[in-house]
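Accompanying notes for the structure given below.
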Amino acid sequence: SFIGEESVAAGEGSILTDNPTWIIDPIDGTTNFVHRFPFVAVSIGFVVNKQIEFGIVYSCVEDKMYTARKGKGAFCNGQKLQVSGQEDITKSLLVTELGSNRDPETIKIILSNMERLLSIPIHG
């Protein structure tokens with residue numbers, strides 16, 4: 001099976017099944033791309049039985065290839081990645097994206113979630 005983010009965004013339905021499925025977003029960061037903001041990638045995932053097996057993200061502007069395989073770790077241009085080990089949330093950096101849906105009910109939910117996040121004493 002195949003699920004394409006651009007076709008789903010255009011209104012086509014898709015259902016993730018147990019079948020082996022490719023999930024592809026050819027312009028991950030479409031809004032960034034449209035506004036020439038240089039954070040755009042090609043994202044590809046492969047799922048079997050609704051479980052991710054591997055993923056590949058190519059950050060075009062940075063020329064970085066991120067890869068990950070279930071049980072094998074994650075890499076950037078072949079170098080193994082690891083989490084920082086930081087356990088103190090007050091030293092963490094929160095990054096979020098609000099999405100493009102401007103439906104009043106959706107905005108209410110997003111702002112409520114943001115309020116909860118902003119009450120955490122994060123670093124930035």
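The values are calculated or read from the model by the stated rules, or taken from the named source; none is laboratory data. Given the structure is predicted, the values throughout are model-derived calculations rather than measurements. Surface areas here come from the heavy atoms of the whole protein model, side chains and all, with no ligands, DNA or RNA. Shrake-Rupley method; radii C 1.70, N 1.55, O 1.52, S 1.80 Å.
Ellipsoid fit via the Cα gyration tensor, the chain: semi-axes of 26, 23, 17 Å, each the root of five times an eigenvalue, largest first. Stretched out straight at 0.36 nm per residue, the stretch from residue 51 to residue 105 would grow longer than its current Cα-Cα span by 16.4 nm.
Across the range 1-105, the mean sequence separation of Cα contacts (distance under 8 Å, 6 or more residues apart), normalised by length, yields a relative contact order of 15 percent. Solvent-accessible surface of the chain, taken per residue with a 1.4 Å probe and all protein chains present: 77 Å². Across 118, 94, the residue with the most accessible area heads the list, and the full order at a 1.4 Å probe is 118, 94. For the chain, please report how many Lys pairs fall under 18 Å Cα to Cα, leaving out neighbours fewer than 8 apart on the same chain. Pairs that pass both the separation and distance tests number 4.
Note on residue 69: accessible area is roughly 150 Å² with a 1.4 Å probe, heavy atoms of protein only. For the options 25, 63, 103, a Gaussian network treatment of the chain with springs between C-alpha atoms closer than 10 Å singles out 103 as fluctuating the most.
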